[in-house]
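*Asks:* Quick one: the structure is below, and I'll ask about it shortly.
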């Protein structure tokens with residue numbers, strides 16, 4: 001069964017896949033100390049370098065010169081979570097901080113450039129020199145970035161994946177499905193925290209086992225399911241590695257979660273060269289808030305584990321007592337391509353996981369196609385009902 005095409009659009013609405021500027025990422029209010037800016041000049045022609053996903057090194061888009069791959073003097077390490085939470089509590093008791101607006105002098109044209117909110121890397125608006133804010137990664141007010149998953153997917157590959165994503169969408173307006181989306185991508189590093197924890201758990205509960213009995217007489221005779229309950233208890237240890245929690249991205253939670261999994265085994269030690277040509281955000285959600293959410297993730301997993309251990313047909317969990325130890329965290333940056341496009345005067349956003357190529361995003365719906373499908377299904381049900389009544 002084929003669905004009819006959508007009616008033609010008026011000239012003012014015919015904006016199929018029109019690229020628009022990516023939506024601005026929200027600013028944050030927490031203060032950050034900023035000192036100087038990094039520059040990424042090409043050693044061959046002096047132009048601005050950009051980190052190349054294929055080379056895994058900064059590359060000049062003009063002369064093709066490839067700079068050395070980023071190096072760091074430190075490895076990706078786990079940090080003491082309890083000590084960090086203690087410091088965070090101390091900071092919360094301090095006097096309110098200054099507004100998160102910083103002025104940095106461009107070393108190339110000597111203009112004063114402002115870094116607002118959570119942005120840590122941008123281009124100088126006067127000479128287009130790529131710059132990154134250094135202080136954010138070494139500030140006493142902010143937690144250092146421990147690791148980064150570099151861009152693995154080029155913008156061209158992201159566009160190709162977007163085309164496949166568009167073709168796989170059901171009930172897309174026909175004109176948009178036919179012509180596709182021509183979106184301008186912006187590469188952005190988003191902030192996350194990962195948490196490790198060793199848990200020792202003791203639980204009590206009840207295991208329910210179903211059995212069936214026949215009750216009633218004559219026409220009222222029927223089989224009824226009942227449940228026998230038995231006490232269950234036990235203990236186990238479980239280690240949780242790299243529980244991932246977004247530290248604030250400006251993206252809807254469900255959209256961001258749909259980009260998972262992230263290849264965290266590919267984490268590289270932080271080096272500023274990875275930011276060349278991309279934007280980067282610092283965290284908006286503080287570490288204690290992220291750990292609270294991560295802890296809730298762990299507790300849900302523990303509840304499922306306890307139910308598996310109790311077994312039976314049904315389970316009642318009466319209590320889970322958990323001792324937490326070996327608590328550590330990492331502050332990491334993960335790469336995404338973000339683009340937006342216009343359709344019928346409305347802007348939609350698409351996001352591509354720049355490490356795996358997974359595409360997620362917003363899309364318009366063809367309500368005409370949906371209505372016709374509903375009518376077609378209703379007609380089929382009606383025909384089946386008529387045939388059944390004629391037998």
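The values are calculated or read from the model by the stated rules, or taken from the named source; none is laboratory data. This is a predicted model, so every value here is computed, not measured. Neighbour counts are summed over all protein chains in view; Cβ atoms, including those assigned to glycine, are modelled from backbone coordinates with ideal geometry.
Residues checked against (1) in contact with a helix residue (DSSP H, G or I) (Cβ under 8 Å, 6 or more places away or on another chain); (2) farther than 23 Å from residue 358 by Cα; (3) at pLDDT 95 or above:
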{"position": "230", "(1), (2), (3)": "no, yes, yes"}
{"position": "237", "(1), (2), (3)": "no, yes, yes"}
{"position": "240", "(1), (2), (3)": "yes, yes, yes"}
{"position": "244", "(1), (2), (3)": "yes, no, yes"}
{"position": "250", "(1), (2), (3)": "no, no, no"}
{"position": "254", "(1), (2), (3)": "no, no, no"}
{"position": "261", "(1), (2), (3)": "no, no, no"}
{"position": "266", "(1), (2), (3)": "no, no, no"}
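*Asks:* Okay, next question. Given the conditions (1) in a helix (DSSP H, G or I); (2) closer than 16 Å to residue 149 by Cβ; (3) more than 10 Å from the chain's Cα centre (by Cα), report the number of the one that residue 256 does not fulfil.
*Replies:* (3)
*Asks:* Has segment 160-179 got any residue that is more than 30 Å from residue 292 (Cβ to Cβ) and in contact with a helix residue (DSSP H, G or I) (Cβ under 6 Å, 6 or more places away or on another chain)? Walk me through how you get there before you give the answer.
*Replies:* So the first thing to find is which residues in segment 160-179 are more than 30 Å from residue 292 (Cβ to Cβ), and the list is 160-179.
Imposing the further condition that a residue be in contact with a helix residue (DSSP H, G or I) (Cβ under 6 Å, 6 or more places away or on another chain) reduces the set to 171.
Yes, that holds for at least one residue.
*Asks:* Across segment 275-290, which residue is farthest from residue 337 (Cα to Cα) among those that are in contact with a strand residue (DSSP E or B) (Cβ under 6 Å, 6 or more places away or on another chain) and either at pLDDT 95 or above or assigned to a helix (DSSP H, G or I) (or both)? Please lay out each step first, then the result.
*Replies:* First pass over segment 275-290, keeping only residues in contact with a strand residue (DSSP E or B) (Cβ under 6 Å, 6 or more places away or on another chain): 275-283, 290.
Subsequent filtering for residues that are either at pLDDT 95 or above or assigned to a helix (DSSP H, G or I) (or both) retains 275, 290.
On the way: 275: 13, 290: 23 Å.
Top of the filtered list is 290.
*Asks:* Just to check your reading of the model, which residue among 380, 384, 338 is touching a strand residue (DSSP E or B) at 6+ places or on another chain (Cβ under 7 Å) and at pLDDT 80 or above?
*Replies:* Details: 380 fails: touching a strand residue (DSSP E or B) at 6+ places or on another chain (Cβ under 7 Å); 384 fails: touching a strand residue (DSSP E or B) at 6+ places or on another chain (Cβ under 7 Å).
None of the others qualify; the one that does is 338.
*Asks:* Name the residues in segment 197-239 that are farther than 22 Å from residue 318 by Cα and buried (at least 18 other Cβ atoms within 10 Å of the Cβ), would you?
*Replies:* Passing the criteria: only 197.
*Asks:* Next question. Would segment 9-31 turn up any residue that is farther than 24 Å from residue 288 by Cα, assigned to a loop (DSSP other than H, G, I, E, B) and at pLDDT 80 or above? Explain how you work it out, then say what you get.
*Replies:* Restricting attention to segment 9-31, the residues satisfying the condition of being farther than 24 Å from residue 288 by Cα are 9-24.
Pick out the ones that are also assigned to a loop (DSSP other than H, G, I, E, B) and you get 9-17, 21-24.
If we keep only those that are at pLDDT 80 or above as well, we get none.
No; the residues of segment 9-31 include none that is farther than 24 Å from residue 288 by Cα, assigned to a loop (DSSP other than H, G, I, E, B) and at pLDDT 80 or above.
*Asks:* Right, next: Quick check: is even one residue across segment 214-227 over 30 Å from residue 277 (Cα atoms), touching a residue at least 60 places away in the same chain (Cβ under 8 Å) and in contact with a strand residue (DSSP E or B) (Cβ under 6 Å, 6 or more places away or on another chain)? Steps first, answer last, please.
*Replies:* First, the residues of segment 214-227 that are over 30 Å from residue 277 (Cα atoms): 214-227.
Restricting the remaining residues to those that are touching a residue at least 60 places away in the same chain (Cβ under 8 Å) gives 227.
Narrowing the set further to residues that are in contact with a strand residue (DSSP E or B) (Cβ under 6 Å, 6 or more places away or on another chain) leaves 227.
Yes - at least one qualifying residue is present in segment 214-227.
Here's the yes/no breakdown for (1) touching a helix residue (DSSP H, G or I) at 6+ places or on another chain (Cβ under 7 Å); (2) farther than 25 Å from residue 161 by Cα; (3) surrounded by fewer than 17 Cβ atoms within 10 Å (Cβ to Cβ):
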{"site": "279", "(1), (2), (3)": "no, no, no"}
{"site": "283", "(1), (2), (3)": "no, yes, no"}
{"site": "299", "(1), (2), (3)": "no, yes, yes"}
{"site": "305", "(1), (2), (3)": "no, yes, yes"}
{"site": "325", "(1), (2), (3)": "no, yes, yes"}
{"site": "341", "(1), (2), (3)": "no, no, no"}
{"site": "374", "(1), (2), (3)": "no, yes, yes"}
{"site": "377", "(1), (2), (3)": "no, yes, yes"}
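*Asks:* Out of curiosity, is residue 216 in contact with a helix residue (DSSP H, G or I) (Cβ under 7 Å, 6 or more places away or on another chain) and farther than 19 Å from residue 84 by Cβ?
*Replies:* Working: in contact with a helix residue (DSSP H, G or I) (Cβ under 7 Å, 6 or more places away or on another chain): no; farther than 19 Å from residue 84 by Cβ: yes.
The answer is no for residue 216.
*Asks:* Something else: Tell me, yes or no, whether segment 173-182 has at least one residue that is within 26 Å of the chain's Cα centre (by Cα), within 30 Å of residue 276 (Cα to Cα) and at pLDDT 85 or above.
*Replies:* No; the residues of segment 173-182 include none that is within 26 Å of the chain's Cα centre (by Cα), within 30 Å of residue 276 (Cα to Cα) and at pLDDT 85 or above.
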